[in-house]
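I have placed the structure first, in the form of structure tokens, so that the comments after it can refer back to it.
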Amino acid sequence: RRGIAVDAGFVPYWLGSAQARMLAAASRRDAGGDPGEICAAAEADCRRAIELAPGHAEAWLLLGYVGLERANRARDRGLEADRAYQEADEAYVEALRLEPRDAEGWRTRGLLQRNWGSGKMARGEDPEENFRGAEENFSRSLEREPRDPETWRVRGELMAAWGTFRSLRREDPAERFL
């Protein structure tokens, strides 16, 4: 038998493991399976990395991403997801406190806010606070990477959802820009 010895205190190992698990979770989800167990293992890997290096922004960012996946799964199943979104948001806040220049962090936090708001809207609740947060985060991402097509795309999706919400409330969506 042969194996590779891994230093349990090597943060890049835990981050790489979490990233690999999230890829596996996405594959399972795309195949119609439940990625919950894989996401839980990825979250444990992130928490181990944070335990070893609390100031490691990438570990916090990845924990936020794992939490976003967990919250989206709960929302899609019709389960209460607000707590999961809140926990993921707290991880993003810490990641961005440690590395405020990270455009991807701002974009994915914007995705979290957009998805959280969309879930509220689907339940008949007011998503305004989350949609405003998403817009602010997308704007910060674009300040850092103005030509990022993914941020422009998800920002456009946000504007469409926000316009739908406002039209359901009988408001003029253009008022937001005045």
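As a length-normalised measure over Cα pairs under 8 Å and 6 or more apart, the relative contact order of the chain settles at 14 percent. Based on every Cα atom in the range 62-178, Rg and the maximum pairwise Cα distance Dmax equal 13.9, 41 Å.
In percent, rounded to a whole number, the relative contact order of the range 38-131 is 23, using alpha-carbon pairs under 8 Å and six or more apart.
In this simple spin-label approximation, Gln86 and Ala31 carry label points 7 Å from Cα along the Cα→Cβ vector, and these lie 3.6 nm apart. The spread of Cα positions in the range 5-78, taken along each principal axis and listed from longest to shortest, comes to 37, 25, 14 Å. With R₀ fixed at 41 Å, the C-beta to C-beta distance from Ala20 to Thr164 puts the FRET efficiency at about 0.65. Put a dot 7 Å past the Cα of Val93, heading toward its Cβ, do the same for Ala8, and the two dots end up 3.2 nm apart.
Coordinate-derived values only; no laboratory data. Since this is a predicted model, take the numbers as computed values, not measurements. Because the Cβ atoms are built from the backbone with ideal geometry, glycine has one as well, and the counts that use them run over all protein chains shown.
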